[in-house]
């Protein structure tokens, strides 16, 4: 019963604030409130950020929207309350690959970062998600092995193909070691 009430309440909140935008699309307050729902309730920080910017196009001086957007952007930095949402849209758009990669993961660098703690971040090309913290590579290898197809076995080594990154790797089932197959080995 509790789950039904929670779902109903969530649908109500979503619908109520979305309806505010539908009925008054030129209201920065309605847009800002809907952004706040995306931020707090749905934890969709990119969508919230976009909605805050849309609200500011309607009223660039709306103090509550400016304050909420500022809170979101600061909270998305490493150590912030919304850190798990990764870098902001602006950081993502101005960053470039560093050359460091691991399968579908790429390290990114924000050359305009205010300090070194928020200069580097990780992007997963498959999931399209961004994270400040370097992924747990052991966990990543396990997930990769589970979704991959074995192509060959030589001694203690399995050679597998990851369908997501389309890259081959080897797994030693005795030592639990992983390593990428070099292009010339394929």
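Side notes on the structure shown:
- Selection within segment 110-151 - part of a strand (DSSP E or B) and either touching a residue at least 40 places away in the same chain (Cβ under 8 Å) or exposed (fewer than 12 other Cβ atoms within 10 Å of the Cβ) (or both): 129, 130, 131, 149, 150
- A residue that is out of contact with any helix residue (DSSP H, G or I) (no Cβ under 9 Å at 6 or more places or on another chain), under 30 Å from residue 15 (Cβ atoms) and either part of a helix (DSSP H, G or I) or in contact (Cβ under 8 Å) with a residue 12 or more places away in the chain (or both) can be found somewhere in segment 50-68.
- In the condition set (1) in contact (Cβ under 8 Å) with a residue 12 or more places away in the chain; (2) not in a strand (DSSP E or B), residue 160 is compliant with all but (2).
One line per residue, one yes/no per condition, for (1) surrounded by 20 or more Cβ atoms within 10 Å (Cβ to Cβ); (2) closer than 17 Å to residue 87 by Cα; (3) in contact with a strand residue (DSSP E or B) (Cβ under 9 Å, 6 or more places away or on another chain):
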residue	(1), (2), (3)
25	no, no, no
34	yes, no, no
38	yes, yes, no
49	yes, yes, no
67	no, no, no
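- Check on residue 87, out of contact with any strand residue (DSSP E or B) (no Cβ under 6 Å at 6 or more places or on another chain), in contact (Cβ under 8 Å) with a residue 40 or more places away in the chain, at negative phi and part of a loop (DSSP other than H, G, I, E, B): no
- Taken over segment 124-134, residues that are farther than 14 Å from residue 164 by Cβ and under 12 Å from the mean Cα position of the chain (by Cα) amount to 4.
- Set side by side, the residues 148, 165 differ, and just one is outside the structural domain of residue 30 (by TED's automatic domain parsing), farther than 28 Å from residue 52 by Cα and at pLDDT below 95, which is 165.
The values are calculated or read from the model by the stated rules, or taken from the named source; none is laboratory data. Everything quoted here is computed from the prediction, not taken from an experiment. Note: ideal-geometry Cβ built from the backbone for every residue, glycine included; neighbour counts use all protein chains shown.
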